[in-house]
Amino acid sequence: MPKTKKKQKASSSESDSGPEDRNPPPSKKAKESAAPAESKSASGDSAGGGATTWTLEGLRQVRINEFRGRKMVDIREYYEKGGETLPGKKGISLSIKQWKKLLEVAEEVTRAVEN
């Protein structure tokens, strides 16, 4: 025969949300709002200490960014939304070491593409 459970009357101090002495999760820091990058020429301009940018074609750009205290070469497709130019998913961020290696093999890649 199955056991029957007695219904307990819930008191006003009980809740389903868990213990009240639980610490709330730490609040996330607000992201620093960066000014939207303006269109720059292929010469590599930097506006007001922002990221240096070279436009390859259209919204495809090369930028020098800093991520977690490390400089990165970001080759990325950007898009415009609400008057701002924002980074898209299509792209790659290379460390300085990776960028230098790419430059070392650039001539070999060019020869392979031309053949």
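The values are calculated or read from the model by the stated rules, or taken from the named source; none is laboratory data. Since the model is a prediction, treat every value here as computed from it, not as a measurement. Methodologically, a virtual Cβ is constructed for each residue, glycine included, from the backbone with ideal geometry; neighbour enumeration extends over all protein chains shown.
A few remarks follow.
- Only residues that are modelled with pLDDT of 95 or more and not in a helix (DSSP H, G or I) were counted in region 94-115, giving 2.
- Members of region 50-70 found to be surrounded by 12 or more Cβ atoms within 10 Å (Cβ to Cβ) and either in contact with a helix residue (DSSP H, G or I) (Cβ under 9 Å, 6 or more places away or on another chain) or closer than 11 Å to residue 94 by Cα (or both), listed by number: 62, 63, 64, 65
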